[in-house]
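Chemist: Before I ask anything, let me first share the structure, which is written out below as structure tokens.
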Amino acid sequence: MAEKKRLLQILDLLKMLPRTNCKECGFPTCMAFATHVLREGATPGKCPYWQPEDLAFVEQTLIDQGADSAYPDHLFSARKFVQGKIKDYDFALIAKKIGARLVGEGADAYLVINLCERLYRVDKENVTPLDDGEHDLWEHILLYNYVAEAGGRPLTGNWVPMESLPGSLAKRKAFVRGCEEKIASAFSGRPELLRQALAILKAEFPALESNAEVAAVIYPLPMIPFQLLFWDAAAEDGFSAQVKILFDETVLDYLDIESLVFLGENLAQRLIGLCP
Ligand code: SF4
């Protein structure tokens, strides 16, 4: 009987990664990156430092092992569930409300949605980035959830913190860890780099009533602005860098709180990925 192949383990990946913990992949360490690749479906190519043959081996092995070994089952169930919610949607009726571009008509219609300055084609069967770059199941679920909410009240310009949103209690910590702390730590001592990364992602820098060193408004999704405030570290006072994100008070009309946490993580990874 043929010997059953051993599944890829985190240590297998670590042996192939440079283990410099440079954070370019958006994760704080190579170990965290390897864990997310195997357990949570992060795209292997987010690390630019693989030997090409190692990356090809890992990508192929993940495919051979079957998608279920790369992503937890519940992610597939979540995507199927939310796809089911939109199966009867008329994209022509909701495109404008969620700031998406409608392409085609009738059963062939699909939406083009800007997620952190990458354009994705969203149809009822699949999600595909138009740049043919990497994507993962988390992004599919996020975009399908955004479509499923189908828009809401017009934005009011009244900014609120996550803790004031209903149902945010259990998610607030995940948002702080996955978004605010990641950005603060990556750009500590480098506010100008943060400004540059934000500008690349088309952020605006309006005059805001804040003493933050960087104050910007960025749209990770077309109808979901984040107000991002950054205070740099002050070593003499023992303060580390801080980031605070505020939302338009209508945010939950456009996205559920769990997806909002992932949106914050996605934005943090994009910003960190732009930082040399
Ligand atoms: S990009 Fe990520 S995985 Fe690659 S070397 Fe840097 S920290 Fe490690």
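The values are calculated or read from the model by the stated rules, or taken from the named source; none is laboratory data. Worth saying up front: this structure is predicted, and the values here are computed from it rather than measured. Every residue, glycine among them, receives a Cβ derived from its backbone with ideal geometry; neighbour counts consider all protein chains shown.
Chemist: I need the full set of residues from the stretch 218-246 which are touching a strand residue (DSSP E or B) at 6+ places or on another chain (Cβ under 7 Å) and either in a loop (DSSP other than H, G, I, E, B) or over 22 Å from Asp256 (Cβ atoms) (or both), in order please.
Modeler: Across the stretch 218-246, the qualifying residues are Pro222, Leu229, Phe230, Trp231, Ala233, Ala241, Gln242, Val243.
Chemist: Test each condition in (1) touching a residue at least 12 places away in the same chain (Cβ under 8 Å); (2) over 23 Å from Ala78 (Cα atoms) for Pro206 and report the one that comes out false.
Modeler: Here Pro206 clears every test but (1).
Chemist: Of the residues in the stretch 21-44, how many are modelled with pLDDT under 85 and either aliphatic (A, V, I, L, M) or more than 6 Å from the ligand (Cβ to nearest atom) (or both)?
Modeler: 12
Chemist: Since Leu62 meets every condition but one in (1) of a type outside the set (Gly, Ala, Ser); (2) farther than 25 Å from Ala186 by Cα; (3) at pLDDT 85 or above, which condition does it not meet?
Modeler: The one condition Leu62 does not meet is (3).
Chemist: Within the stretch 163-182, identify whether any single residue is more than 30 Å from Ala32 (Cα to Cα) and either out of contact with any helix residue (DSSP H, G or I) (no Cβ under 8 Å at 6 or more places or on another chain) or hydrophobic (A, V, I, L, M, F, W, C) (or both), and answer yes or no.
Modeler: For the stretch 163-182, residues more than 30 Å from Ala32 (Cα to Cα) and either out of contact with any helix residue (DSSP H, G or I) (no Cβ under 8 Å at 6 or more places or on another chain) or hydrophobic (A, V, I, L, M, F, W, C) (or both): present.
Chemist: Among the residues of the stretch 174-210, count how many are surrounded by fewer than 17 Cβ atoms within 10 Å (Cβ to Cβ) and among the acidic types (Asp, Glu).
Modeler: Matching residues across the stretch 174-210 total 3.
Chemist: Answer with yes or no whether Ala235 is surrounded by fewer than 16 Cβ atoms within 10 Å (Cβ to Cβ) and not acidic (Asp, Glu).
Modeler: yes
Chemist: Determine which single condition Arg195 fails, assuming it passes every other condition in (1) under 18 Å from the mean Cα position of the chain (by Cα); (2) among the basic types (Lys, Arg); (3) not in a strand (DSSP E or B).
Modeler: Result: Arg195 fails condition (1) only.
Chemist: Check Val82 against each of (1) farther than 26 Å from Lys182 by Cβ; (2) at pLDDT 85 or above; (3) more than 16 Å from the ligand (Cβ to nearest atom) and name the one condition it does not meet.
Modeler: So the condition that Val82 fails would be (1).
Chemist: If you don't mind, there's one more thing I want to ask. As an exercise: evaluate Gly167 against (1) small (Gly, Ala, Ser); (2) in a loop (DSSP other than H, G, I, E, B); (3) under 22 Å from Cys275 (Cβ atoms) and give the number of the one condition it does not meet.
Modeler: So the condition that Gly167 fails would be (3).
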